[in-house]
Structures are given as structure tokens and as C-alpha cells.
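Notes for the one structure printed next.
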Amino acid sequence: MTRQILFYPEAGYSSLPDWQYGHHAGDSESVTTLLREYYDGAGNEPISVGHRPFDFKRDNDAATFDHRGGVTHRRLSPWRVTKVDEYVGNTGQEDMDGIVVAYCTYDPLPEEQNPWVEVEPAIVSVESFDGDRAAYEAWKKTQVVTA
């Protein structure tokens, strides 16, 4: 089951901290209240009240693994889910099986209780492609190798 999961502040702009007001969506000039957007194709447990999405950052100086320029650390977000709505497709022609809208309140954890933790890089193997060696080899050809 593939789901799109959208995290929004429960009270729109009025609940955003000053530093986040008028957040821009990607490189566009569109203003949005969207906090996070996840795609779940693995059929993970549904999002529930109390869940916190993760914040991510890149800090190569503090990393002990070679992350190849990707995310190095994560921690729980200051946003906590307070309400969840799920919409399930019913035509059989949707790109997603469902869309989950999680409404959040700003409720930061104390810094000392929420440290940044290094993320161990994913190891990609044939098993990542359900044993399909041809798909794995095709993927490897798309990867940039640095010396």
C-alpha cells in the first residue's frame, strides 16, 4: 500500500513559530504551511496521535560514516501529531492508495532530551531489489562514483 503522508500545523499560520512563518515550498516562491511530506510504500504502521516526524540535517564534520553528501543526523521534530485524517482512493486509478493528513501542534522537546543522532547510511544490495540482479545492476550504473 502506497500512501502519501502530509504534516500540517493544526491552526495554519497562526501556530507557526516566527522563524517558520511563510515557509517556501522547495525552490519555488509558493508559500505553504506544509511541514513535512513522506511517501510510505512499505506499509508501515499508520501515523497516530502523539507521533513526531523527524528533522534531518547534514553535518559532515560530526559524521563518522561516509554519507556522500546526504543526510548525516536526525532527531524528533518539535511538531507533535494531534489529529489524523486518512483518505482512501476508490476508483482504482489513483497514484496512491491513500493520503494521510496529520495535523500537528508545535511542542518542542528540551534540547538535552532530543540530541541529534547520526544516521547510519543505507547499504544497497541485490536484496534491496527483491533479488532482481538486473534491476540492481541498472541502479548501480546510475550512481556517481567519486575517487
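The values are calculated or read from the model by the stated rules, or taken from the named source; none is laboratory data. Treat the numbers as computed from the prediction; the structure is a model and nothing was measured. For neighbour counting, all protein chains shown are included, and Cβ atoms are generated from backbone atoms with ideal geometry for every residue, glycine included.
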query = For segment 1-59, which residues satisfy the criterion of being at pLDDT 85 or above, touching a Ser or Thr at 6+ places or on another chain (Cβ under 6 Å), closer than 20 Å to residue 111 by Cα and not in a strand (DSSP E or B)?
reply = 52, 53
remark   = Flagged in segment 125-147 as of a type in the set (Val, Ile, Thr) and either under 24 Å from the mean Cα position of the chain (by Cα) or within 16 Å of residue 54 (Cα to Cα) (or both), in numbering order, are 142, 144
key: Residue list for segment 102-124, restricted to those being among the aliphatic types (A, V, I, L, M) and within 18 Å of the chain's Cα centre (by Cα)   = 102, 117, 119, 122
inquiry  = Could you check segment 95-118 and list, in sequence order, the residues that are under 24 Å from residue 59 (Cβ atoms) and either free of Cβ contacts under 8 Å to residues at least 12 places away in the same chain or of a type in the set (S, T, N, Q) (or both)?
reply    = 110, 111, 112, 113, 114
query = Under the condition of being hydrophobic (A, V, I, L, M, F, W, C) and modelled with pLDDT of 85 or more, which residue from segment 64-83 is farthest from residue 115 (Cα to Cα)?
reply = 81
message = I'm trying to understand the selection: among the residues of segment 120-143, which are over 22 Å from residue 72 (Cα atoms), of a type in the set (A, V, I, L, M, F, W, C) and surrounded by 10 or more Cβ atoms within 10 Å (Cβ to Cβ)?
response = 126, 129, 135, 138, 139
request  = Just give me the residues in segment 95-138 being part of a helix (DSSP H, G or I) and at pLDDT below 85, in sequence order.
outcome  = 128
query = Restricting attention to segment 119-128, does a residue exist that is over 24 Å from residue 2 (Cβ atoms) and touching a residue at least 40 places away in the same chain (Cβ under 8 Å)?
reply = yes
note = Counting only residues that are in contact (Cβ under 8 Å) with a residue 12 or more places away in the chain and assigned to a loop (DSSP other than H, G, I, E, B), segment 67-94 contains a total of 7
